[in-house]
């Protein structure tokens, strides 16, 4: 029996095996084997499609741990713009290509890309304090 895996946020994922239906005090529940590996396969497969839907874009963004705000800052758009893309499915080609590249590099554990992803996530927490800059004989520098 196939299991319709809607927990991913995607409507088209069906598992042929790798899951078990278990009885709990609250009723039946489905236990998935190696969810991380499953999501990695889904994400890499999505990246090889012609164009991402809004739900697929959201899946990949969430798999990388990026907020709409964090990814929006990187792409130079508002989090509302990203929310609209994800809801309507109208993802601009540049954003579509960028997130695919970023995801494929991140699952290969490319340290430079991963540190970039971590930095994007940190932008949500930045306090945006002022930056003091000074001219020196060797050029511009951030003041200590």
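Quick look at the numbers
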| read-out | value |
| --- | --- |
| 0 to 90° range, to nearest 10: angle between helix 35-46 axis and the chain longest Cα axis | 70 |
| Cα centroid of region 72-109 to Cα centroid of region 1-21, whole Å | 25 |
| Packing-based exposure ordering (other Cβ within 10 Å, fewest first) of 84, 50, 28 | 50, 28, 84 |
| Prolate/oblate/rounded call for region 36-123, Cα gyration tensor, a/c under 1.5 rounded | oblate |
| FRET efficiency for residue 21 and residue 62, using Cβ-Cβ distance with R0 set to 35 Å, rounded to 0.05 | 0.85 |
| Ranked 90, 97, criterion: other C-beta atoms within 10 Å, fewest first | 90, 97 |
| Potential extension, residue 29-residue 101 segment - 0.36 nm per residue separation minus Cα distance | 22.4 nm |
| Full-extension gain in nm, residue 140 to residue 94, via 0.36 nm per residue minus C-alpha separation | 13.3 nm |
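Bear in mind that the values in this text are calculations on the coordinates, not laboratory data. Note that the coordinates shown come from a computational prediction; the quantities given were computed from them, not determined experimentally. In this analysis, Cβ positions are derived from the backbone assuming ideal geometry, glycine residues included, and neighbour counts consider all displayed protein chains.
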